[in-house]
1. Answer yes or no as to whether Val239 is touching a strand residue (DSSP E or B) at 6+ places or on another chain (Cβ under 6 Å), β-branched (Val, Ile, Thr) and within 16 Å of the ligand (Cβ to nearest atom).
2. Scan the stretch 102-122 for residues that are touching a residue at least 60 places away in the same chain (Cβ under 8 Å), within 17 Å of Val184 (Cα to Cα) and within 16 Å of the ligand (Cβ to nearest atom) and report the count.
3. Quick check on my filter: what residues within the stretch 280-301 are part of a helix (DSSP H, G or I) and crowded, with 17+ Cβ neighbours inside 10 Å?
4. Can you find even one residue in the stretch 175-187 that is among the polar types (S, T, N, Q), within 16 Å of the ligand (Cβ to nearest atom), closer than 21 Å to Ile41 by Cα and in a strand (DSSP E or B)?
Amino acid sequence: MRVCILLYSTFIFFSTSTTAFAQTPAPFTLHDLGHGAWAAIDNPAAKAAQSGSNAGFVIGSEGVVVVDTFENIAAAQDLLDDIRQKTNLPVRFVVNTHYHLDHVAGNNIFAAAGATALAQQNVRAWERSENLKFFGSKITAKQTEAVQSLGLPSITYVHGVALYVGAQRLIVRSLPGHTGGDSVLYDPAANVVFCGDLFWNHTLPNLIDASTGPWIATLDTLLSDYPTATFVPGHGDEVGHAIDVREFRGYLAYLRTAIQKAQGEGKSGDALVDSVLPQLEKKYGSWNFFSFAKSDIAYTDAELRGKKRIPTPVVP
Ligand SMILES: [Zn+2]
């Protein structure tokens, strides 16, 4: 699995043609979740041509709703092509689960196909500004222009919205944790929750914008409201179920507890990271993206000290 979002590949981000990948495995694999719901799971075998995140779509009786549009623009076109193979119904809506580039880079592909993008209001506010930080201080003019050309949601909401595509009713809810502007989409017919990056399946999360306390409460809400659902993660090689969401909740809780203990022992900075890292490795060393461990510790240390920088929310 490619390291997402901290190491954007310019090759992928600016790709608009699948021609170069003709001999490589598909950037994602589709998983049939029943009742017209599909998960598009990032394919590690595609290496540099991976989609960069997971996505999904729901085919209703009068249209299609897409959840997230990948980091790899060529993969977004592939996703649209795959949908076109399955139905001639219009792609009515794109729901962006949050602003991170690896979930919105293909928005323009779906806009060109006539879809309306919608998201929590902070997504629109942050998409073309906060995404710049992932390129670091050496960001090029081309990268800046690409971020500032990202397709924005044209409908925003604060707490959520219901979408109707014929008989199908889909529920979009905003919940805190990963960025402060995250949403999930629940499909009651298929009993599927498209989680975006509020759920990483056996994968260490990127906590750059996170508030882990509210995030744990969000996971409790999801587990309580959808105990038997299939959960499509934003990252991770498979769809999950309640047991997997509980394990992810366990990671965040363990991280906080280990850091609080180290803080209580007077540790800070590198000494704190050095004391917590072996504990994390013992328990979670086999998870994907373990390379996020050091930054997860540092961000959560800052959060627990009340010193974490998070993006400024829009005032409703
Ligand atoms: Zn994210």
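1. no
2. The qualifying residues number 5.
3. Hits for the stretch 280-301 are Leu280, Tyr284, Phe292, Ala293, Asp296, Ile297, Ala298, Tyr299, Thr300, Asp301.
4. Looking for residues that are among the polar types (S, T, N, Q), within 16 Å of the ligand (Cβ to nearest atom), closer than 21 Å to Ile41 by Cα and in a strand (DSSP E or B), one finds at least one in the stretch 175-187, hence yes.
Residues are listed down the side, and each one gets a yes or a no for (1) within 14 Å of the ligand (Cβ to nearest atom); (2) within 20 Å of Asn288 (Cβ to Cβ); (3) out of contact with any Ser or Thr (no Cβ under 8 Å at 6 or more places or on another chain):
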position	(1), (2), (3)
Val192	no, no, no
Asp197	yes, yes, no
Pro205	yes, yes, yes
Pro227	no, no, yes
Thr230	no, yes, yes
Gly234	yes, yes, no
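Table: residues versus (1) among the aromatic types (Phe, Trp, Tyr); (2) farther than 23 Å from Trp200 by Cα; (3) in a helix (DSSP H, G or I).
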position	(1), (2), (3)
Glu62	no, yes, no
Ala76	no, no, yes
Asp82	no, yes, yes
Thr97	no, no, no
Leu118	no, no, no
Ser137	no, yes, no
Gln143	no, yes, yes
Ala146	no, yes, yes
Val161	no, yes, no
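Every number here is computed from the coordinates shown, using simple stated rules; none is lab data. No experiment lies behind these values; they were computed from the predicted model shown. No Cβ is skipped: glycine too gets one built from the backbone with ideal geometry, and neighbour counts run over all protein chains shown.
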